[in-house]
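Step one of this worksheet: look at the structure below.
Just so it is clear, none of the values below were taken in a lab; they were calculated from the coordinates. Every value quoted in this text rests on a predicted model; they were computed, and no experiment measured them. With ideal geometry, Cβ positions are generated from the backbone for all residues, glycine too; neighbour counts draw on all protein chains shown.
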Amino acid sequence: MTPAEVRAALAAARRVAVLTGAGVSAESGIPTFRDAQTGHWARFRPEDLASPEAYWRDPELVWDWYAGRYRDVTAAQPNAAHLLLARLEREKGAGFFLATQNVDGLHGRAGSGTLGGTLAELHGNLTHARDEVTGEVYPLPPPDLLTVPPTSPAGNRMRPNVVWFGENLPADALAAAQDAFAAADVALVIGTSGAVYPAAGLAAWTLRRGGIVAEINPQVTDLTLHMTLSLRATAAEGLRALLG
Ligand code: OAD
């Protein structure tokens, strides 16, 4: 299919499902997950910090890393790609579902999930922390006021409210995403390497049911071969081409 045909299909679609990854936040200045880490953190692979084992071994170290990312994310702003996806949700209403692997909260700050459709943060959100005993989730204080590890109102240590390597995704969010991708007339896969399952498998649900899937990514990915259309473009460029 050509970009013009996908654009027309998207305009006519009643149900649209979108999967985003770190690339959608690149234009907000947030490094993608697999980009080299800088400074002090260059010694660590993200996989060695974003895991339960790393946390039990050294909670302060893991929290210091998340506190730095939280500071960066708080200083960043949603970019044109986040805003175009919020606009698409306003157009499609309840027929719109956005599943993100990003933990930066930028989709929510752009309005996604509040404009008639659904936002599912499959890997959690690093702006929140979870009581290790009760499971209650709380927003973090502003970065300048954050001391780590934070403590809940009940006095328990809290952990970052994200899904780590080796942990399961929230079952209800994943099931809702699978339903939305299976029902979608058109799905978009934007800024993800397609390397981490089960999120990377969502597009297959749309294709299997006869829907259209378009990928937007400056690089070829593990998913490219399977796509109805693959646009070699940044998230904002690609969305402008498909949504105008
Ligand atoms: P990755 O860092 O694996 O991939 C980022 C993708 O964004 C790559 O395919 C880049 O080519 C693409 N990209 C870079 N700049 C872009 C731009 N301006 N516009 C669009 N795309 C761009 O990040 P994810 O695929 O999100 O999970 O990684 C998925 C998951 O892997 C993460 O959520 C994390 C990790 O394991 C957990 O922490 C559980």
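Could you identify which residue out of Gly108, Gly194, Gly135 has the top mean-square fluctuation in a GNM of the chain using Cα springs shorter than 10 Å? So, out of Gly108, Gly194, Gly135, the one fluctuating most is Gly135.
Suppose R0 equals 22 Å; then what is the FRET efficiency for Thr224 and Met1 from their Cβ-Cβ distance, rounded to the nearest 0.05? Present the calculation step by step, with values, prior to reporting the outcome.
On the way: r = 14 Å, r/R0 = 0.64.
Calculated transfer efficiency: 0.95.
Potential lengthening of the chain between Thr147 and Ala241 amounts to 29.5 nm, from the contour at 0.36 nm per residue minus the alpha-carbon distance. For the stretch 1-137, DSSP calls about 10 percent of its internal beta bridges antiparallel. Which residues' amide hydrogens lie under 5 Å from the amide hydrogen of Ile212, considering only partners 5 or more residues apart or on another chain, with H built in the peptide plane? Residues meeting the criterion, in which the H sits 1.01 Å from N, are Val186, Ala187. Once both labels are positioned 7 Å from their Cα atoms along Cα-to-Cβ, the gap between Gln77 and Arg57 label points is 4.0 nm.
Ranking Ala94, Ser51, Leu126 by how far each Cα lies toward the positive end of the dipole of the stretch 28-135 (charges on Cβ) leaves Ala94 at the top.
Loop-located trypsin sites (Lys or Arg not before Pro) across the stretch 133-211 with a Cβ neighbour count of 16 or fewer within 10 Å are Arg209, with loop assigned by DSSP. Inter-label distance, Glu167 to Ala12: 4.3 nm, where each label sits 7 Å from its Cα along the C-beta direction.
Compared with the dominant Cα axis of the chain, that is its longest principal axis, helix 171-183 is turned about 10°. Amide H contacts for Ala120 (H built 1.01 Å from N in the peptide plane; partners 5 or more residues away or on another chain; cut-off under 5 Å): Leu98, Ala99, Thr100. Averaging the Cα positions of each part gives two centres, and for the stretch 67-81 and the stretch 92-118 these lie 16 Å apart. Summary value for the stretch 1-107: 43 percent relative contact order, contacts being C-alpha pairs under 8 angstrom separated by 6+ residues. Ranking of Phe165, Phe181 by neighbouring Cβ atoms within 10 Å, starting from the fewest: Phe165, Phe181.
Put simply, the amide H of Leu140, placed in the peptide plane, has neighbours under 5 Å in His128, Ala129, leaving out anything fewer than 5 places away on its chain.
Rounded to the nearest 10 degrees, the inclination of helix 3-12 to the longest alpha-carbon principal axis of the chain is 80 degrees.
May I ask you to compute the full-extension gain from Glu136 to Ala175, defined as 0.36 nm times their residue separation minus their alpha-carbon distance, rounded to one decimal in nm?
Details: separation 39, 0.36 × 39 = 14.04 nm, distance 2.18 nm.
Length gained between Glu136 and Ala175: 11.9 nm.
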